[in-house]
Amino acid sequence: MSEPSAAERPVLEVEGLVKHFPIHGGLLQRRTGEVRAVDGVSFSIARGETLGLVGESGCGKSTIGKTVLKLIEPTSGRIVLAGENISALKPGAMWAHRRRIQTIFQDPYSSMNPRLPAGTIVGEPLENFGLSRGRDTDERVAKLFERVGLRPDAMRKYAHEFSGGQRQRLGIAKALSVNPDVIVADEPVSALDVSVQAQVLNLLIDLQEEFRLAYLFISHDLAVMRHISHRIAVMYLGRIVEITTKRRLFSQPLHPYTEALLSAATAPDPKRRRQRKRIVEGDVPSPANPPPGCHFHTRCPYATAECKVTAPPLIEVAEGHHVACLRRPVGGDPGPLSIPG
Amino acid sequence: MSAAGSNILEVRNLETQFNTLDGVVRAVDGVSFDLARGETLGIVGESGCGKSVTALSILRLIPPETGRIAAGSIKFEGEELTSLGEAAMKRLRGHRISMIFQEPMTSLNPVLTVGTQIAENVVRHMGVPWRAARERACEMLDLVRIADARRRLDEYPHQLSGGMRQRVMIAMALSCDPQVLIADEPTTALDVTIQAQILQLMLELKEKTGTAIVLITHDLGVVAETTERVVVMYAGRKVEEAPVEALFAEPLHPYTRGLMRAIPRLDVEADAAGTRPRLQEIPGLVPRLTQPIPGCAFAPRCGFATERCRVEPPPLVDVGAGHTVACWEVDRVRASAL
């Protein structure tokens, strides 16, 4: 597909997004701390573009999705959707903008009313936003069903009668029904078998090209990410540690955590096991008590004394390639890092 | 011949069925395979293919209210397990055949310390005094590289991270030196960096202890990187079996080929424009297992299928070097491009 045009203003811009969740404890349930789920994240997505957010559990990727959707309120930061700052909008005022940003969940079943036929579920957003009524809605829903590869007679079935892949198609039809600009897709294929996963990924790509949709695609699966994304942001403990084009990320990862993720991923090729790679040690620290300095320094083989005290800023070290690592300065050698000491 | 032979486990024509409101589900429909001593065998397939039920059948953990082993034989060191009494089976489980599951939290007792849980198993099967069993537990935690093992003995499962819990499960499973370890999706719930740690640990421990492993997974990447031989299952049947290199170099069953083409690849270089090639879909759905399937179970979704495929089940044919495949059209499949 053609690259998204650069001249156009991004359809979604996020600047300095912070989301802290309070922790209450003690007898009086006083605030005793906070989980820094998202700790100053900035990115933008153009029309027709997929930005992948990848990272392990607790890195804040899903919280970003929910905050951008305004399902939860950001602690601070700006969210600009199609030129409009929505970060401070109250629920009532947000309503008018909800149509523009829709979501696809990992488990669409849990978001579907089991007592309503599928056609009604998919048609509901159309009627909610006053985009159509009655017979007109039915016709539009029938078209949507066809577009996502469901038979029209499926409109009368109930959610439990569909397979996992078909339910995800329903979820996609529902998200698509109100003609959004942005779709936040949070692990949309993680629960699916690979043969079905391929069907859903292909459908998402086709729809993106047809409607110039912007996707914020959240996943822990690097192979899926590489398949669907144009650009990828790698997250660790609430911060973006590296963001660049898919191609650069996979051919020249600069952040040690990205390198660790890539080398930990398995590949369907038995020959690869002999060239076994560096495995990063230890667990992800708790986001309620992240390490000082660079969050990754506790597991990073390349960490120096400075990494333990100074939080590295996310800087552009090459065109379109941002990385937050003290050992990767602007104009530095992009080759392998040396282990200090 | 089998008792003294190199196979520690021999499964023949295993059929496991469940009674449901929709009728009898043939979850495992005539599966046979061998496990050699010290070998790592992968069983791979998608949801509902019968891979987990096969594992539960070996351990005789099929709930008797709803399911049963309807036919076939499971021989462990030459001893028939399908007819073994429950008391004897209990002595076997967790001792000579162990199992680890996807979600360790569901198999760990939340109100007992991990030390107590490991030691309990050791006392029951090895008949050693409690103090020695705790020592053994400590050794095992050390073996699975849990730092500060002695202190961890007194911790509860909720105090541990997901990766750590899986290490505890492995420690427990290996505490009585089993001959066979059955691992059902042991890393599916874990983050990728932790998955890499656990897989490496399992392989190292296998080298150290000589335990044979049956690794059940849906993840072809995990299979490729950890197993020596692979059984591919579809709709309760074994459709292909091969040494791991042969399976990935030349998959012969159309379903295996379909699976391999359906996964996005990390190890294949994208083209210069960074375009997104279409993934090959496997059209259609897995068949219902409540109806008898007359021919090849994959025929309705298969591009190679002929009339014969739909009516006559293909036998497993040895195509050489331990590679077997159940496909009438294997010559055409082999001749076609992968």
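Quick check: the angle from helix B:114-126's long axis to the longest principal axis of chain B, C-alpha only, nearest 10 degrees?
Long axis of B:114-126 versus the principal axis of chain B: about 90 degrees.
Per residue of segment B:286-299, in order, report the coupling 6.51 cos²θ - 1.76 cosθ + 1.60 (Karplus, θ = phi - 60°) as ³J(HN,Hα) in whole Hz, putting x for Gly and Pro.
Each residue of segment B:286-299 in turn: 4, x, 5, 8, 7, 9, x, 9, x, x, 6, 5, 8, 3 Hz.
Straight-line reach from A:Lys90: which aspartates and glutamates have a Cα under 14 Å away, not including same-chain ones fewer than 8 places off?
Reachable aspartates and glutamates: A:Glu73.
Counting Lys +1, Arg +1, Asp -1, Glu -1, what net charge surrounds A:Asn128 among other residues with beta carbon under 12 Å of its beta carbon?
+2
Please rank A:Trp95, B:Trp328, fewest neighbouring Cβ atoms within 10 Å first, as an exposure proxy.
Fewest-to-most ranking of A:Trp95, B:Trp328: A:Trp95, B:Trp328.
For chain A, set up a GNM with springs between Cα atoms under 10 Å and report which of A:Val178, A:Val189, A:Val309 has the largest fluctuation.
A:Val309
Grab the other residues whose beta carbon is less than 15 angstrom from that of B:Asn7, score K and R as +1, D and E as -1, and report the net.
Net of charged neighbours comes to -3.
Pull up all non-local amide H partners of B:Val319: gap of 5 or more, or a different chain, and H-to-H distance under 5 Å with H placed in the peptide plane.
Distant-sequence amide H within range of B:Val319: B:Thr324, B:Val325.
Pairing the Cα long axis of helix B:192-209 with the longest principal axis of chain B, what angle in degrees results, from 0 to 90 and rounded to the nearest 10?
Taking Cα atoms only, the helix is inclined about 70 degrees.
Could you identify which residue out of A:His227, A:His255, A:His322 has the top mean-square fluctuation in a GNM of chain A using Cα springs shorter than 10 Å?
A:His227
Summing -39500 (n - 2.57) over the DSSP H runs of n ≥ 4 in chain B and dividing by its residue number, what mean residue ellipticity at 222 nm do you reach, to the nearest 500 deg cm²/dmol?
So the helix-based figure for chain B works out to -9500 deg cm²/dmol.
So how do A:Thr63, A:Thr75 line up by other beta-carbon neighbours within 10 Å, fewest first?
Lowest count first: A:Thr75, A:Thr63.
Which far-off residues, 5 or more places away or on another chain, put their amide H under 5 Å from the one on A:Tyr215, with H placed in the peptide plane?
Residues meeting the amide H criterion: A:Glu49, A:Thr50, A:Leu51, A:Ile183.
Kindly write out, for segment A:241-250 in residue order, the coupling ³J(HN,Hα) from the Karplus curve 6.51 cos²θ - 1.76 cosθ + 1.60 (θ = phi - 60°), rounded to whole Hz, with x marking Gly and Pro.
Those phi angles translate into 9, 7, 9, 6, 5, 3, 4, 5, 4, 7 Hz.
Counting only other chains, and only Cβ atoms inside 10 Å, what mean value do you get across the residues of B:237-247?
Other-chain Cβ atoms within 10 Å of each residue's Cβ, averaged: 1.
Could you put B:Met126, A:Met155 in order, starting from the residue whose Cβ has the fewest other Cβ atoms within 10 Å?
B:Met126, A:Met155
How many angstrom lie between the C-alpha centres of segment B:150-171 and segment A:44-85?
Their Cα centres are 35 Å away from one another.
Could you tell me, in Å, what Rg and Dmax come out for the Cα atoms of segment A:212-333?
In order Rg, Dmax, the Cα atoms of segment A:212-333 give 14.9, 46 Å.
Please average, across the residues of B:194-202, the number of beta carbons from any other chain that are within 10 Å of each residue's own beta carbon, and give a whole number.
So the per-residue partner count for this stretch is 4.
With springs only between Cα atoms under 10 Å apart, run a GNM on chain A and tell me which of A:Glu49, A:Glu13, A:Glu319 wobbles the most.
A:Glu319
May I ask you to work out the translational diffusion coefficient for chain B at 4 °C, viscosity 1.567 mPa s, via Stokes-Einstein with Rh from the Kirkwood sum over Cα pairs, reported in whole µm²/s?
61
Could you list the square roots of 5 times each eigenvalue of the Cα gyration tensor of segment A:1-117, that is, the equivalent ellipsoid semi-axes, sorted largest first and rounded to whole Å?
Working from the Cα gyration tensor, I get semi-axes of 27, 20, 16 Å.
Setting aside same-chain residues fewer than 8 positions from B:Lys238, which lysines have a Cα under 30 Å from its Cα?
Within the straight-line cut-off, B:Lys238 pairs with A:Lys271, B:Lys51, B:Lys75, B:Lys90, B:Lys206.
In Å, what Rg and Dmax follow from the Cα atoms of the protein assembly as shown?
Answer for the protein assembly as shown, Rg first and Dmax second: 26.4, 78 Å.
Return the average number of partner chain Cβ atoms within 10 angstrom of each residue Cβ along peptide A:258-266.
5
No value in this document is a laboratory result; all are computed from the given coordinates. Note that the structure is predicted; figures quoted are calculated from it, not measured. Methodologically, a virtual Cβ is constructed for each residue, glycine included, from the backbone with ideal geometry; neighbour enumeration extends over all protein chains shown.
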